[in-house]
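Asker: Supplied in C-alpha cells, the structure appears directly below.
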Amino acid sequence: MPGPRSYLGVELARPRVGVFDFTSCEGCQLQFVNNEATLLDFLDLMELVNFREAMTEQAGDYDIALVEGSISRADEVTRLEKIRTQAKILVALGSCACFGGVNQLKNRFNDLKWVKKEVYGNFPIATQKVRPISDFVTVDFMLYGCPPRKEEIEKVVTNLVVGKKITMPKYPVCMECKANENICLFGLGEPCLGPITRAGCDAWCPNNRRGCWGCRGPAEAANVRELEAIMARHGFSREIIIDRLECFGGFAGQVAELRRQSEHPRKARSTGQA
Amino acid sequence: MIFATFSAKELPRLFDLLAANTVVGPVKKGTDSAGRPLYDFDVVYRFQDLRLDYPATIHSAKRHFLPHRESLCTFTMQGNDWEKQVDYNIYKPVVFFGLHACDINALNKLDKVLTAPPYPNPYYTAKRRNMFIIGQDCQPQPQCFCRSMGTDTALRGFDLFLTDLGDRYFAEILSATAYQFLRKIATRPPTVKDHDRYKEVVAERNRRFTTTVDTSDLTKLLDLEFESPAWQQWGDKCLSCGTCANVCPTCYCYGVEETVDLDLTGAAKTKYLYSCNLIDFAEVAGGHNFRPQTATRLKYRYYHKHRGFVEAYEEPLCVGCGRCGEACLAGITVPAVLASVRARGA
C-alpha cells in the first residue's frame, strides 16, 4: 500500500476511482494504462478500486467514476444509475459517453427493428436507441475525444487530486492546428471540421493530415452555417458535411437543423431571416 | 548606411559562414491541391533548401521569437517549500535568412511593446538580442498591402538587407556583425551602374502592388463607425477560430496556464499565444464575458490594430502582409473589412 501524499505540505487523500464501460470499444479506458513513461506516477495519484479492463478486484465504494460508452440497452440504465448513486463525481469519458459516439449512427435509421435484423439477424438481443449518459444521470464533467488524449486525462486527474480548477478549451481545433503550423487541410483539398470542433486534442488528426471529424463536439462559438458555405466553396456537398457532423453525435442539434433545411429549403430560409 | 555589392555565387559562401549557428529561412513546405508550392519558415541546414525567391509564407516567423507555447518558469516542491526556476529559453543566436520588409517591420513593432517600458518581456528580448537578420527584397503578391501600412521598406531592425539584381546582390549593411561577415566573402563597393540597377529593381517592384487600403483619418473613421452594420456582417462570417492571430506576425496576446506535475513534486507556468477572436478572450474571474458576440470581438481586433495602437505608437499594429486574409477560410481580409467600414456596410 503506497504511503500518504502531500502537495506543498498539504496532505492529499488518494481518491478512490472506478472506471466503467457501457456500449463502446473500450479504447478510452485503455488510454488510462497508456503512456508507460508516466504510468506509475499517474496511478499513484489515485486508488483504483474498480477497473474491469485492467484489474480483477471490483469494489463498490468509489469517489470518482469515469464512465465510458453510450447507453443502448435497458439494463445499462440500471447499472449507470447505480454508479451515479455511489460516485461523488461522475466523469463522462470519451465521445460515446458524452454524445453517443459512433454507436449513435444507428439512430439515423427510422426503423430500428430493421437495423437490429440487419446486424444481428435472428439472434435475440436487447437493443434500443443509442443515447449519451447525460440523458439518464447528472454528469459532472466531460472528457471529450475519441479517444481523449492521455495528457488531458493526466491533467484532469492531477487537478482533481490537488483541488485545482479544470478548464477545457472553448475555441475550435483551428487554434491548435495553426499553433502547430500545419498546412490547412482545405488548401490540400480535404474537408475538415476543425473550424467548428472543440479543441483540446492538439489537432491530433490534422497534424497527421487527416481532416477533423468532430469527435469532441462543437466549440462554443461554432459557426456551422459559415463552415457549410466554406465547404461549398471548396466543392464539398451538404451530404459530406452532414456525414462528418453526424459521425460522433456531438453535433446532433446542428445536423437536425441542416436536415430540416434540406427537406424544407424555403421554410428554413424564411426562419433564418427572422 | 553602408552599401556593398557581391556576386550571386558568393551567397552560398555567406550562408555556410553563418550556418555554424541555427539558420531560419523560407523553405518549401508542400503543394496545395491546385499544384501551387507552399512556403514557410523553418530551420535550414543546406543553402539549396533556402527558397529566397519565395512569394510569401503561410505563417510568420513568429514561433522562433514568440513561440505559440513557451515555458515561463518551473517550480520544484520540497516539503512545505518550493523553488522557482526561470529559463528565458535562449541558448544560441539564430540567423534569420531572407525576411521580407514586412516581417522585419513586424519585429520593429513588437519591439515597441515587448522590449520597452513599462513591461519589457525578458523572454522575447533575450531572443531578439540574439538574432542576426538578413532581409530580402520581395515580389508583391495580390494579398500584400504593406505600402498602405508604411511597411514596404525596412529602415532598421535588420543586420543586412539584400536586393537581388539578377547576377549580383545589392547589400545594405546595418550592423558591425554584418560588416565583419561580409569581409569574409568577395564584395565590392557599388558602382553608379549598381545604384541605377537597384533603383530600377525597386521601382519595378513598387509598380506591382495591386492592393491598397485607404488609411486616411482611419483612427477617426473607426471612432465614428463604431456602430457600423459592417461589423455585424463580418461577424456573421467569422469562425472565432483564432487563425488570423496565429498567422499574424504582430499578434502577441497570450494566456498563462499553471500545471502541476503528475508526481506532485513540480509545477510549471506556461505562456500560450491567444487570440482576441476566441469566445473567452474577454471572460474574467467570476465568469462574466465582456465580448460574447463574435462581431464585437472581430471589431475589437481591428480597433486594437488600426486605432488603439496607432494612438499609442503612431503606427498601426499591422504590416499588410495579408497572411490573415489568405488563411481565413471565411475570406475575411483587412482591405475588405476596412473598405466596408468606410463605405458603411459590406
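Computed from the coordinates by the stated procedures, all read-outs in this text should not be read as laboratory data. None of these values were measured; they are calculated from a predicted model. Neighbour counts are summed over all protein chains in view; Cβ atoms, including those assigned to glycine, are modelled from backbone coordinates with ideal geometry.
Asker: Roughly how big is segment A:44-165's charge dipole about its Cα centre, with Cβ charges of +1 (Lys, Arg) and -1 (Asp, Glu), in debye to the nearest 20?
Answerer: Dipole about the Cα centre, nearest 20: 600 debye.
Asker: Provide, as a two-decimal number, the C-alpha radius of gyration of segment B:67-160 over 2.2 N^0.38 Å, N being how many residues it has. Walk me through the intermediate numbers first.
Answerer: Values: Rg = 17.7 Å, N = 94, 2.2 N^0.38 = 12.4 Å.
Rg over 2.2 N^0.38 Å, computed on Cα atoms: 1.43.
Asker: Project the alpha carbons of the protein assembly as shown onto their principal axes and report the range along each, largest first, in whole Å.
Answerer: Rounded to whole Å, the extents work out to 93, 68, 47 Å.
Asker: Rounded to the nearest Å, what's the spacing between the alpha carbon centres of segment A:182-247 and segment B:111-190? Just the number, please.
Answerer: Taking the Cα centre of each part, segment A:182-247 and segment B:111-190 sit 38 Å apart.
Asker: Inside 10 Å of the C-beta atoms of B:23-31, what's the mean count of C-beta atoms belonging to other chains?
Answerer: 1
Asker: Let me ask you something else. Using the Cα gyration tensor of chain B, with a ≥ b ≥ c the square roots of its eigenvalues, what is the shape: rounded (a/c below 1.5), prolate (a/b larger than b/c) or oblate (neither)? List each step's numbers first, then the result.
Answerer: Numbers: a/c = 2.03, a/b = 1.19, b/c = 1.70.
Verdict is oblate for chain B.
Asker: Taking 51 Å as R0, compute the FRET efficiency from the Cβ-Cβ separation of B:SER7 and A:ARG233 and round it to 0.05.
Answerer: 0.60
Asker: Once phi is turned into θ = phi - 60°, what whole-Hz ³J(HN,Hα) does the Karplus curve with 6.51, -1.76 and 1.60 give for every residue of segment B:107-117, x standing for Gly and Pro?
Answerer: Ordered by residue, 3J(HN,Hα) equals 4, 4, 5, 4, 4, 4, 8, 9, 10, 10, x Hz.
Asker: Which value at 222 nm does chain A reach when only helices count, each DSSP H run of 4 or more adding -39,500 (n - 2.57), with the total divided by all residues and rounded to the nearest 500 deg cm²/dmol?
Answerer: Numbers: 12 runs with 104 residues, N = 274.
It lands at -10500 deg cm²/dmol.
Asker: On to the next question. Please compute, for peptide A:215-226, the average count of beta-carbon atoms on other protein chains lying within 10 Å of each residue's beta-carbon.
Answerer: Average neighbour count from other chains, rounded to a whole number: 4.
Asker: Order these peptides, A:166-172, A:36-42, by their mean beta-carbon neighbour count within 10 angstrom, highest first.
Answerer: Top to bottom by mean Cβ count within 10 Å: A:166-172, A:36-42.
Asker: Next up: Among B:SER7, B:LEU273, B:LEU182, pick out the residue whose Cα is farthest towards the positive end of the charge dipole of chain B, where Lys and Arg carry +1 and Asp and Glu carry -1 on C-beta, about the Cα centre.
Answerer: My answer, from the dipole projection, is B:SER7.
Asker: Another question, then. Looking only at other chains, what is the average number of their beta-carbon atoms within 10 angstrom of each beta-carbon in A:182-189?
Answerer: Partner-chain Cβ atoms within 10 Å, mean over residues of A:182-189: 5.
Asker: While we're looking at this one, here's another question. Put +1 on the Cβ of each Lys and Arg and -1 on the Cβ of each Asp and Glu in the protein assembly as shown; which of B:CYS146, B:VAL27, A:ALA199 then has its Cα farthest toward the positive end of the dipole?
Answerer: Result: B:CYS146, furthest along the dipole toward the positive end.
Asker: Related question: How large is ³J(HN,Hα) for each residue in segment B:123-133, as worked out from phi by the Karplus curve 6.51 cos²θ - 1.76 cosθ + 1.60 (θ = phi - 60°), to whole Hz, x for Gly and Pro?
Answerer: 5, 5, 4, 4, 5, 4, 6, 9, 9, 10, 10
Asker: Can you list the HN-Hα couplings for segment A:46-53, worked out from phi with the Karplus curve (6.51, -1.76, 1.60; θ = phi - 60°), rounded to whole Hz and with x for Gly and Pro?
Answerer: 9, 10, 6, 10, 7, 7, 3, 6
Asker: Report, in listed order, any pair from A:LYS82/A:LYS113; B:LYS9/B:LYS184; B:LYS84/B:LYS112; B:LYS62/B:LYS220; B:LYS220/B:LYS305 with a Cα-Cα distance greater than 19 Å. Display every interim value, and only then the final one.
Answerer: Numbers: A:LYS82/A:LYS113 29 Å; B:LYS9/B:LYS184 14 Å; B:LYS84/B:LYS112 29 Å; B:LYS62/B:LYS220 31 Å; B:LYS220/B:LYS305 14 Å.
The answer is A:LYS82/A:LYS113; B:LYS84/B:LYS112; B:LYS62/B:LYS220.
Asker: So, one more: Dividing the convex hull volume of the alpha carbon atoms of segment A:173-267 by its residue count, what do you get in Å³ per residue?
Answerer: So the per-residue Cα hull volume is 89 Å³.
Asker: If you place +1 on the Cβ of every Lys and Arg and -1 on the Cβ of every Asp and Glu, how big does the dipole about the Cα centre of segment A:173-267 come out, in debye to the nearest 20? Write out the running numbers ahead of the final one.
Answerer: Details: 13 positive and 12 negative charges, 51 e Å.
Computed about the Cα centre, the dipole is about 240 debye.
Asker: For chain A, modelled as a Gaussian network with Cα springs under 10 Å, which listed residue fluctuates most, A:PHE51, A:PHE109, A:PHE248?
Answerer: For chain A, modelled as a Gaussian network with Cα springs under 10 Å, the answer is A:PHE109.
Asker: Right, next: Quote the charge dipole size of the protein assembly as shown about the Cα centre in Debye, to the nearest 20; the model charges only the Cβ of Lys and Arg (+1) and of Asp and Glu (-1).
Answerer: 1480
Asker: Do you know the relative contact order of segment A:5-162, to the nearest whole percent, from alpha carbon pairs under 8 angstrom that are 6+ apart? Working shown, then result.
Answerer: On the way: 278 pairs, mean separation 43.5, N = 158.
It rounds to 28 percent for segment A:5-162.
Asker: Next question, about the same structure. In terms of modelled amide H atoms, which long-range or inter-chain residues lie less than 5 Å from the amide H of A:SER6?
Answerer: A:LEU12
Asker: Next up: How big is the antiparallel share of DSSP beta bridges in the protein assembly as shown, given as a percent to the nearest 5? Intermediate values should be presented prior to the final figure.
Answerer: Numbers: 48 of 76 bridges.
That works out to approximately 65 percent antiparallel.
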